[in-house]
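This report refers to the structure that appears directly beneath it.
The values are calculated or read from the model by the stated rules, or taken from the named source; none is laboratory data. Since we're looking at a predicted model, the values are computed, not measured. Ideal geometry is used to build each Cβ from the backbone, glycine not excepted, and the neighbour counts take in all protein chains shown. Accessible surface is based on the protein model in full, side chains and every heavy atom, while ligands, DNA and RNA are left aside. Shrake-Rupley method; radii C 1.70, N 1.55, O 1.52, S 1.80 Å.
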Amino acid sequence: QVQLVESGGGLVQAGGSLRLSCAASGRTFSTYAMGWFRQAPGKERDFVAAINWAGSSTYYADSVEDRFTISRDNAKNTVYLQMNSLKPEDTAVYYCAAHSASMPSNPDEYDFWGQGTQVTVSS
């Protein structure tokens with residue numbers, strides 16, 4: 001069992017930056033691949049980025065490539081999402097999720113989810 005708690009969301013102007021954190025409980029965190037997803041009002045939950053258990057492989061949605069960076073610190077049981085050059089269309093609730101093996105982009109394949117953190121980008 002892995003419990004996930006996101007933090008770091010907030011209100012930022014377009015062009016600004018935010019760093020999201022996802023703190024995990026449980027000694028098995030380092031064995032899980034981690035993903036970030038986002039969901040805007042009235043829309044489906046979309047894949048943002050994923051990282052493998054070792055932090056050696058990452059994968060991004062085209063819409064955030066070159067602006068967002070996913071990373072992890074297994075010693076701190078934490079995964080991060082650095083978001084730069086934010087746009088109004090990045091406004092959403094951001095969720096982190098854990099997968100026991102690979103880094104799928106399909107949210108239905110993830111095993112554990114956090115409660116989400118709101119990111120609002122003003123124009």
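Could you check, for the stretch 62-69, whether at least one of its residues is open to solvent by 40 Å² or more (accessible area, probe 1.4 Å), under 11 Å from the mean Cα position of the chain (by Cα) and free of Cβ contacts under 8 Å to residues at least 60 places away in the same chain?
Yes, some residue in the stretch 62-69 is open to solvent by 40 Å² or more (accessible area, probe 1.4 Å), under 11 Å from the mean Cα position of the chain (by Cα) and free of Cβ contacts under 8 Å to residues at least 60 places away in the same chain.
Among the residues of the stretch 74-89, are any among the basic types (K, R), closer than 19 Å to Q1 by Cα, in a strand (DSSP E or B) and open to solvent by 30 Å² or more (accessible area, probe 1.4 Å)?
Among the residues of the stretch 74-89, not one is among the basic types (K, R), closer than 19 Å to Q1 by Cα, in a strand (DSSP E or B) and open to solvent by 30 Å² or more (accessible area, probe 1.4 Å), which makes the answer no.
Condition first: closer than 17 Å to N52 by Cα, out of contact with any His (no Cβ under 8 Å at 6 or more places or on another chain) and surrounded by 13 or more Cβ atoms within 10 Å (Cβ to Cβ). Now tell me which residues in the stretch 103-123 satisfy that.
Across the stretch 103-123, the qualifying residues are M103, P104, S105, P107, F112, W113.
Scan the stretch 1-28 residue by residue and report those that are more than 15 Å from P88 (Cβ to Cβ) and touching a helix residue (DSSP H, G or I) at 6+ places or on another chain (Cβ under 7 Å).
Scanning the stretch 1-28 gives a single hit, V2.
I need the full set of residues from the stretch 20-51 which are assigned to a strand (DSSP E or B), at pLDDT 95 or above and surrounded by fewer than 14 Cβ atoms within 10 Å (Cβ to Cβ), in order please.
Passing the criteria: none in range.
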